[in-house]
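Input: a single structure, listed below in structure tokens.
The values are calculated or read from the model by the stated rules, or taken from the named source; none is laboratory data. Owing to the predicted nature of the structure, the values given are computational and were not obtained by experimental measurement. Cβ placement follows ideal geometry from the backbone for every residue including glycine, while neighbour counts extend to all protein chains displayed. Ligands, DNA and RNA are stripped out before the accessible areas are found, and what is left, the full protein with its side chains, is counted by its heavy atoms. Shrake-Rupley method; radii C 1.70, N 1.55, O 1.52, S 1.80 Å.
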Amino acid sequence: MLEQLEPGDRARGDARHAVESTDWGRRLREIAAALLPWREVVLPWMVSRLVSATLIVATAPAGRTAGGTGAFSRWDGVWYLLIARAGYGHPPLGAVQSRWPFFPVLPGVIDVTRTLGIPGRGGVITINHVAFLLALAGVWRLARRHTSDDASRLAVWALALFPTAFVFSMVYPSAIFLATAVWAFVLVEEHHDATAGVLAATAALTRPNGAVVAIALTIGVAAAASRPWWRVARVGGPAFVALGLWCALCWHWTGNPVVFFAAKRGWHEVGLLDLVRHPLRDPNACLHLALGVAAGVVVLLRRRRLPAAWSLFSGPYLIPSLGLGIVGLGRYTNECFPPFVAAGELLERTRATTRRRLFVIAVGLQAAGAWWVLHQAHVP
């Protein structure tokens, strides 16, 4: 017992405890520094979020503050908050907008925050900021394996300052999807297949096309692994099981296992053919198409330098929007990390003065995008 120890023994025990505490503190600091390096990850995140939050508040129309956070939950954010509060409701009726196209991860996160006594809107905005920080950390970690340090740093900045990056601060699933997708790819490369499979499953339940993450990873693993089927099961299995369970629930509730696709009839979508026929009818779709095409061109230019699984992710994630609905493509582009790693490699070849000009242009485009979406009533 402690009271039976000699004073010298007590002193040695206290000293040992202090040393162990110091070791743990040092280890935690080392882990944090390795995961979240200041210059490469934290600084771009801080600049990006400061710019985004300022733009969202500054460009929000009057009367939509809702305690300072109302502008952060415009457009689809309203649907996610409604699902978290009251569920999915009745099955969709005809071509009427409903809650069914939206997947359950973000409403589940909002519901958990409300259960913990945290305001749903404010809680999910905070979680999205943290998720975006972790996503940038994953991009940095992944890019360093395939490009130089300078190119990796520029990739993080390119993603953080993309014109639609303000959406990562809003009540959208973009930050969560990006974080889970990037880290699934990171962990597969580090052979932590089970954890990668859980993250791929989370991505699959975050967006209707989120299963593309698991598909790309399983194809990549099957092509490269010495024991492919065991790794394929661990990496892709959880996502397909989770998606199958969600489809089964949708079938039970509505009689249609893919009601999330059928319910999209309630939205007016603009496909590429519509845009070609009437190019001036929807300027919003033109902007989304331009951002998506730019990302595709960058990936094509650097496709030989990037892993094949990244192209398998980028193509199926972005190209279907050309037929299913171009509005939103700019946001999907920001959720897709390979174009930004490729952009980092291209930016590395430019002069410092050119990069500084591009930095100013990027901030200006993000400001214009925020104004376009929040004040001029266009969908991000």
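General remarks:
- Scanning the range 100-149 for residues being outside any helix (DSSP H, G or I) and in contact with a helix residue (DSSP H, G or I) (Cβ under 9 Å, 6 or more places away or on another chain) gives a total of 10.
- Residue within the range 183-197 that is out of contact with any strand residue (DSSP E or B) (no Cβ under 6 Å at 6 or more places or on another chain), closer than 16 Å to Arg331 by Cβ and open to solvent by less than 20 Å² (accessible area, probe 1.4 Å) present: no
- Taken over the range 207-246, the criterion of being outside any loop (DSSP other than H, G, I, E, B), open to solvent by 30 Å² or more (accessible area, probe 1.4 Å) and within 25 Å of Ala175 (Cα to Cα) is satisfied by Ile215, Ile219, Arg234, Pro238, Phe240, Val241, Leu243, Gly244, Leu245.
- Of the helices (runs of 4 or more DSSP H) lying entirely inside the range 299-380, those containing at least 1 residues that are at pLDDT 90 or above and of a type in the set (D, E, K, R) are 329-334, 338-348, 352-374.
- Count of residues meeting criterion [open to solvent by 60 Å² or more (accessible area, probe 1.4 Å) and out of contact with any His (no Cβ under 9 Å at 6 or more places or on another chain)] in the range 354-376: 11
- Filtering the range 136-148 to residues that are under 21 Å from Ala184 (Cα atoms) and open to solvent by 10 Å² or more (accessible area, probe 1.4 Å) leaves Trp140, Arg141, Arg144, Arg145, His146, Thr147.
- Checking each residue in the range 247-281 for being buried (at least 18 other Cβ atoms within 10 Å of the Cβ) and part of a helix (DSSP H, G or I) picks out Cys250, Thr254, Val259, Phe260, Ala263, Lys264, Leu275.
- Residue within the range 323-345 that is aliphatic (A, V, I, L, M), crowded, with 23+ Cβ neighbours inside 10 Å and touching a Gly at 6+ places or on another chain (Cβ under 8 Å) present: yes
- Of the listed requirements (1) in contact with a Gly (Cβ under 8 Å, 6 or more places away or on another chain); (2) at pLDDT 90 or above; (3) open to solvent by less than 50 Å² (accessible area, probe 1.4 Å), Arg99 misses just one: (3).
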